[in-house]
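Colleague: This structure is in structure tokens; I'll ask about it shortly.
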Ligand SMILES: Nc1ncnc2c1ncn2[C@@H]1O[C@H](COP(=O)(O)OP(=O)(O)O)[C@@H](O)[C@H]1O
Ligand SMILES: [Mg+2]
């Protein structure tokens, strides 16, 4: 026995059952994909196919032809497959012609919200907030590359060694990111955040426990009262979704300008201008970034500027806009806590290459931003607001904040679901009078700590 095979066997022993089943199915699926490829090559030459017009009759026709070809191949190879397996391979052929190869099924599945392809054998999805591995496999990395081409070529984009990253939007609004070797070491990588045709509403988020009624009443008054808000959280924590929901509180008569890298927001209001940044073209020219769009939006007489996510120097322009009368602006920041949000913003302002001392930057931040809404993704896949915090000013060199609402987690129930509740801290925000001055009514009771939460339970 060679050393290699010895170590392989040893590894096999360490695999738990689930992994073993998983890799067996993947191996099988890979074989079927190879078979499908052979069948595809056989029928492609002598069939009139119009992939644009994938009506069910044409699909049925291809399915029949693929099955025929598969039977022929198996006969020649003297291999046997079950009918189910043959059908599976034939469907792979259909998906190859009319769809996006192996991930077609996932793209069509409304319960899948995210698709992640890490090389040819590791395809993950997010379903109901949870990430799970699928049995889907590509033949090899070249097959993943072909699928990538299929996705981005119609969008007028390309990917190769000289430009190995692409961020784009599919015709249905889904966002796709591609990164290939040599940058992605384990193989071509596809990440698709599917467009929610029917985005979550405030009622949905309340029913999911993302926030409670009092918090939504508070946020509504803040938005209508033109408080500047930053929604912060990690990747996939629900920032954009929450931004979309709280933007729905903006009155219909206001002029809203949204600025995003890939348009995701779906506002119901009519008076909305949607701007999207643009990557450089093939000659490396024509790049328009978020910052350019923020600067331009100031000349468009906006009542509200909504930036999908600030990641870089645009933070400075956004802060300046907020500080010069463009109140009621909302954005999101990738950060793990409310405190982290402040330091990230500071770092982003530094990227603008304006030589500002850090105290001056912090002063800008503390006067521009009134409220931070921190969201988090919990182990059970739920997303919750974990803090709504008011920025109160500066003490020396430090920005001061106080929580208005917090989420108090108590543990997990027997089904692994998070248990806990949202509670007010008892603090009434200092900006309450500004909101009231704009005609918003907020009952004092929503800030009151409920009786049973008092006496040290906070
Ligand atoms: N409050 C929520 N409850 C449950 N699922 C959510 C919630 N908010 C977002 N999601 C889901 O989580 C995924 C990521 O949401 P998104 O708002 O795009 O996150 P982010 O902008 O933080 O990356 C989406 O699939 C979305 O449907
Ligand atoms: Mg987002």
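Colleague: Say R0 is 60 Å: what FRET efficiency, to the nearest 0.05, do residue 109 and residue 444 get from their beta-carbon distance? Please list the in-between numbers first.
Modeller: Values: r = 47 Å, r/R0 = 0.78.
Here the calculated transfer efficiency is 0.80.
Colleague: While we're on this one: Compute the angle between helix 17-45 and the longest alpha-carbon principal axis of the chain, please, reported from 0 to 90 degrees and rounded to the nearest 10.
Modeller: Once rounded, the angle reads 60 degrees.
Colleague: Can you give me the angle between helix 338-350 and the longest principal axis of the chain, using Cα atoms only, in degrees from 0 to 90, rounded to the nearest 10?
Modeller: So the inclination is approximately 80 degrees.
Colleague: Would you work out the relative contact order for the chain, in percent, from Cα pairs under 8 angstrom that are 6 or more residues apart? Don't jump to the answer; show the numbers that get you there.
Modeller: Values: 761 pairs, mean separation 48.1, N = 458.
It comes to 10 percent, rounded to a whole number.
Colleague: If you don't mind, another one. Report P(r) for the range 381-458: all Cα-Cα distances, bin width 10 Å, range 0 to the bin holding the largest distance, values in whole percent.
Modeller: The distribution over the range 381-458 is 15, 37, 32, 14, 2, given as percents.
Colleague: How would 185, 288, 246 line up from fewest to most surrounding beta-carbon atoms within 10 angstrom? Write out the running numbers ahead of the final one.
Modeller: Details: 185 8, 288 14, 246 22.
By the 10 Å Cβ count, ascending: 185, 288, 246.
Colleague: Can I ask one more? What's the FRET efficiency of residue 196 with residue 254 using the Cβ-Cβ distance as r and R₀ = 25 Å, to the nearest 0.05?
Modeller: Working: r = 24 Å, r/R0 = 0.97.
Approximately 0.55, to the nearest 0.05.
Colleague: Sort 136, 152, 259 so the one with the fewest other Cβ atoms within 10 Å of its own Cβ comes first. Walk me through the numbers on the way to the answer.
Modeller: Details: 136 23, 152 18, 259 28.
Neighbour counts put them in this order, fewest first: 152, 136, 259.
Colleague: Using only the alpha-carbon atoms, what does the range 202-453 span along each of its principal axes? Please give whole angstrom values in decreasing order.
Modeller: 62, 41, 37
Colleague: Regarding the range 31-168, what is the average projected area of its C-alpha convex hull, in nm²? Intermediate results must be reported in sequence, preceding the final value.
Modeller: On the way: hull surface 38.7 nm².
Computing the convex hull of the Cα atoms and averaging its projections yields 9.7 nm².
Colleague: Separate question: Using only the Cα atoms of the range 242-371, what are the Rg and Dmax in Å?
Modeller: 14.7, 43
Colleague: Report the relative contact order of the range 99-195, percent, no decimals, based on alpha-carbon pairs under 8 angstrom and at least 6 residues apart.
Modeller: Normalised by residue count, the contact order of the range 99-195 is 28 percent.
Colleague: Fewest Cβ neighbours within 10 Å first, please rank 140, 109 accordingly. All intermediate terms of the calculation are to be shown ahead of the outcome.
Modeller: Values: 140 17, 109 13.
So the ranking, lowest neighbour count to highest, is 109, 140.
Colleague: Nearest 10 degrees is fine. How inclined is helix 358-368 to the longest principal axis of the chain, computing both from alpha carbons?
Modeller: Result, in degrees: 80.
Colleague: Just want to confirm a number: the relative contact order over the range 263-412, from Cα pairs under 8 angstrom separated by 6+ residues, in percent. Numbers along the way, then the final one.
Modeller: Working: 203 pairs, mean separation 21.2, N = 150.
Computed value for the range 263-412: 14 percent relative contact order.
Colleague: On to the next question. Convex hull over the Cα atoms of the range 99-195, averaged projected area in nm²? Please list the in-between numbers first.
Modeller: Working: hull surface 22.6 nm².
The Cα convex hull of the range 99-195, projected and averaged over all directions, gives 5.7 nm².
Colleague: Assuming R0 = 51 Å, can you tell me the calculated FRET efficiency for the pair residue 301 and residue 80, based on Cβ-Cβ distance, to the nearest 0.05? Mind showing how you got there, number by number?
Modeller: Numbers: r = 72 Å, r/R0 = 1.40.
Step by step, r from the Cβ atoms, then E = 0.10.
Colleague: On to the next question. Please report the Cα spread of the chain along all three principal axes, rounded to whole Å, starting with the longest.
Modeller: 82, 54, 48
Colleague: Between residue 274 and residue 183, how many nm apart are label points set 7 Å from Cα along the C-beta direction?
Modeller: The two pseudo-label positions are separated by 2.5 nm.
Every number here is computed from the coordinates shown, using simple stated rules; none is lab data. Computed from a predicted model, the values in this text were never measured in an experiment. Please note: Cβ atoms are built from the backbone with ideal geometry, for glycine as well, and neighbour counts cover all protein chains shown.
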